[in-house]
Amino acid sequence: MSTIRTAISAGALALLPLVATVTAVLPATPAHASASLREHAAARGKFIGAALATSPLANEASYRNIASTEFSQITAENAMKWDATEPSQNQFSWSGADAIVDFATQNNQQVHGHTLVWHSQTPNWVQNLGADAMRSAMQNHIAKVVGRYASNPAVVSWDVVNEVFDDNGNMRNSFWYQKLGDSYIADAFRAARAADPDARLCINDYNVEGVNAKSTAMYNLVRSLRAQNVPVDCVGLQGHLAIQYGFPGQVQQNLQRFADLGVEVRFTEIDIRMQMPRDASKDAQQATYYSNVINACLAVTRCSGVTIWGFTDKYSWVPDTFSGQGAALIYDESYNPKPAYTAVHDALAAGGGTPDTEAPSKPGKPSVSDITATGAKLSWTASTDNRAVTGYDIYRGSTKLGSSTTASLTLTGLSPETAYTVHVVARDAAGNTSTASESTSFTTLAGQPGGPCTATYRTVNFWQGGFQGEVTVRCTTAVTSWKTTLTYPSGVNVTQSWSSTLSATPPTFTFTNAAWNGTIPANGSATFGFIASWNGTGVPPTPTLS
Ligand code: G3I
């Protein structure tokens, strides 16, 4: 008896799946036309955020898709404000705030909490309190709201006080100020620090983007609070701009002077409105303003990122507030990206300062493995780049077969028994592409076009008068049953099988799955074996599989 184990054939034939659902061929890996805003921002060490409204978040898939894929930080547009979280004294309502935090957690995003102490969207019961009761209510509100999320790693920062100045840079004569003077500001920060020692605590306002009287008043307040050890970590510049009023002056210098106080700075509520209707020239000017904002943040190390106040013109506070104005965001009402989107994207991709014109290095020649009738795995040595390689595209001639963000890709949807010569091109965030890698050629296995399964035969061992064979069935999509047929030259008779049910009509032998191994998951396999008698000598014949 010979004990030689001979791997006879990689020649494989598709099996006939017995259920209709297994006939679909998986599409190739979706092409990555370009990296997302959040990927580019991450490459710069910044966040890119959006304010989200809870209703479309619950009801619209397009809204959720963009919100999750494009942004790395989210702010509740309204759901964390006082009227939403504590509409009656000590009666807290968390549904909206929790929905925002849960969404961020699911999508690996950070949450910036907005806002704890504000003169607007604060219930009458707060406004009607006396001074001592109002201070206690404020401290309790902060303790409960910040405390609820203190141990949640998604929630990283809070607007502790919002809009404490009037338009001239004087203290706003709000009900807070009237009852408590400006002491409520320091008290609010201290209460927030006590509730979450790790959260970054911000003061936030509008019309403070450039250097002006109001931003200078804010600068002086932040400097004074920090000198008194009040825990102000961060300054938020809202950025509700309008193209008809011009871009604010000295924005980068303004960011830098706050940064030089030792605080983090950020744009918290960017939107850039226009007189309606939109046209190409207004869109272009708006796009330039968006780039200016991103570039100012990129130029200042302590600027942590930029949040846009919404993202689609379908949902924006602007038209309800400024009659005849709108279109302030980076996607239109139908979720199409506008020139403003491209501006934000390209500014983040370029990284500020000089545009990136350096291409990634040439990727290594791809090696091929796991060839099937409809697929093959390619792996190559990664490229390097002066900033970052953001992806690879795999081509057959000029046809893109797929894309990958790593140095390997399993191609799917290929044609059986077909020769492929492929190469890889690397790209970076600015869209620079490498020279093509050396090409690799391979031929897919035989198979029934469209079938998800292939079979591979080998002779396990043979002896005088017989041999043992084995067949492995591999499927790229899940099946619940399978069968394959082996046809031998005359003189072979399969006499028994295991892990399958044999139907022998020599010279054809059909094997169907056993009751327990009919189900093969996507990219899984099943193996069966058999014993055959044979009247020849030497290496047994190879069957034809079908
Ligand atoms: O929830 C009620 C709803 O029940 C009611 O049917 C509807 C009728 O008008 O009103 C709804 O409340 C609205 C709320 O947004 C939620 O949509 C309020 O009327 C409306 O005034 C409120 O506007 C918000 C505004 O703050 C309030 O001051 C905007 O959505 C929000 O974008 C805006 O955000 C502020 C920031 O918090 C601070 N900086 C300025 C920024 C823009 O004003």
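The values are calculated or read from the model by the stated rules, or taken from the named source; none is laboratory data. None of these values were measured; they are calculated from a predicted model. We place every Cβ from the backbone using ideal geometry, glycine too, and count neighbours over all the protein chains shown. When the accessible area is computed, the model is the full protein with side chains, heavy atoms only, and any ligands, DNA or RNA have been set aside. Shrake-Rupley method; radii C 1.70, N 1.55, O 1.52, S 1.80 Å.
What shape does region 274-329 have by the C-alpha gyration tensor, where a ≥ b ≥ c are the square roots of the eigenvalues, rounded means a/c under 1.5, and otherwise prolate means a/b greater than b/c and oblate the rest?
Working: a/c = 3.09, a/b = 1.70, b/c = 1.82.
Oblate, since a/c reaches 1.5 and b/c is not below a/b.
For region 307-312, just list the computed ³J(HN,Hα) in residue order, Karplus coefficients 6.51, -1.76 and 1.60, θ = phi - 60°, integers in Hz, with x standing in for Gly and Pro.
10, 9, 7, x, 8, 10
Quick check: residue separation of Asn90 and Asp182 times 0.36 nm, minus the Cα distance between them. What number comes out in nm? Please report the intermediate quantities before stating the final value.
Working: separation 92, 0.36 × 92 = 33.12 nm, distance 2.43 nm.
Extra length from Asn90 to Asp182 when fully extended: 30.7 nm.
Sum up the charges of everything whose Cβ sits under 9 Å from the Cβ of Pro123, counting Lys and Arg as +1 and Asp and Glu as -1, but leave Pro123 out.
On the way: positive: none; negative: Asp83, Glu86.
Overall, the nearby charge balance is -2.
Give me the distance in nm between label points sitting 7 Å out from Cα along the Cα-to-Cβ direction at Thr537 and Thr384, one decimal.
6.3 nm
List the residues whose amide H sits under 5 Å from the amide H of Glu86, counting only those 5 or more places along or on another chain, with H placed 1.01 Å from N in the peptide plane.
Ser93
Provide the FRET efficiency to the nearest 0.05 for the Ala131-Asp279 pair, computing r from the beta carbons and using R0 = 60 Å.
Values: r = 53 Å, r/R0 = 0.88.
Efficiency, rounded to the nearest 0.05: 0.70.
Count the net charge of all other residues whose Cβ sits under 12 Å from the Cβ of His423, scoring Lys and Arg as +1 and Asp and Glu as -1. Could the numbers behind the result be given before it?
Values: positive: Lys362, Lys365, Arg396, Lys400; negative: Asp393, Glu438.
Net charge in that neighbourhood comes out at +2.
Where the centroid of each part is defined by its Cα atoms, how far is region 212-264 from region 96-170 in Å?
The distance from the Cα centre of region 212-264 to that of region 96-170 comes to 20 Å.
Run the quick spin-label model on Thr105 and Ser441: label points 7 Å from Cα toward the beta carbon, then report their separation in nm to one decimal.
For the pair Thr105/Ser441, the computed spacing is 5.5 nm.
Between Thr406 and Thr519, what FRET efficiency comes out of the Förster formula 1/(1 + (r/R0)^6) with R0 = 25 Å and r the beta carbon distance, rounded to 0.05?
Details: r = 30 Å, r/R0 = 1.20.
Given R0 = 25 Å and the Cβ-Cβ separation, E is 0.25.
Calculate one ³J(HN,Hα) per residue across region 115-124 by plugging θ = phi - 60° into the Karplus curve 6.51 cos²θ - 1.76 cosθ + 1.60, and present them in order as whole Hz with x for glycine and proline.
9, 7, 10, 8, 7, 10, 6, 10, x, 4
Give or take rounding to whole Å, what are the principal axis extents of the alpha carbon atoms in the chain, in descending order?
Over the chain, Cα extents along the principal axes are 106, 51, 44 Å.
What are the residues whose amide H is under 5 Å from the amide H of Ala242, where those residues sit 5 or more places off or on another chain and H is modelled from the backbone?
Excluding prolines and chain starts, which carry no amide H, the hits are Arg273.
Of all the C-alpha pairs in region 453-545, what % are more than 16 Å from each other?
Details: 2182 of 4278 pairs.
It works out to 51 percent of all Cα pairs.
Please report the antiparallel percentage of DSSP beta bridges with both residues in the chain, rounded to the nearest 5. Provide the component values of the computation, followed by the final result.
Numbers: 71 of 106 bridges.
DSSP beta bridges in the chain are roughly 65 percent antiparallel.
Where a ≥ b ≥ c are the square roots of the eigenvalues of the C-alpha gyration tensor, would you call region 367-443 rounded, which needs a/c under 1.5, or, failing that, prolate if a/b is larger than b/c, or oblate?
Since a/c reaches 1.5 and a/b is larger than b/c, the shape of region 367-443 is classed as prolate.
Taking the alpha-carbon centroid of each part, what is the distance from region 286-309 to region 331-390 in angstrom?
Cα centroid to Cα centroid, the span is 22 Å.
For Gln464 and Thr433, calculate 0.36 nm times their separation in residues minus their Cα-Cα distance, and state this gained length in nm to one decimal. Could you put the intermediate results ahead of the total?
On the way: separation 31, 0.36 × 31 = 11.16 nm, distance 6.08 nm.
5.1 nm is the gain from fully extending Gln464 to Thr433.
So what are the ³J(HN,Hα) numbers for region 235-250, from phi and the Karplus equation (6.51, -1.76, 1.60; θ = phi - 60°), rounded to whole Hz, Gly and Pro as x?
Running phi through 6.51 cos²θ - 1.76 cosθ + 1.60 with θ = phi - 60° gives 10, x, 9, 5, x, 7, 9, 9, 5, 6, 9, x, 7, x, x, 6 Hz.
What residues qualify as long-range amide H neighbours of Leu414, i.e. H under 5 Å apart, gap of 5 or more or another chain, H built at 1.01 Å from N?
Close amide H contacts, sequence-distant or interchain: Gly375.
What is the sum of charges around Cys297, taking Lys and Arg as +1, Asp and Glu as -1, for the other residues whose C-beta is under 13 Å from the C-beta of Cys297?
Details: positive: Arg44, Lys46, Arg266, Arg302; negative: Glu209, Glu264.
Every neighbour counted, the sum reads +2.
What is the distance in Å between the Cα centroid of region 36-76 and that of region 181-204?
Between the Cα centre of region 36-76 and that of region 181-204, the gap is 27 Å.
Computing the accessible area with a 1.4 Å probe over protein heavy atoms, can you report the carbon and sulfur percentage for the chain? Working shown, then result.
On the way: 10940 of 22310 Å².
C and S atoms contribute 49 percent here.
Per residue, how many Å² of accessible area does the chain show with a 1.4 Å probe? Don't skip to the answer; put the middle values down first.
On the way: 22310 Å² over 546 residues.
Heavy-atom SASA per residue in the chain reads 41 Å².
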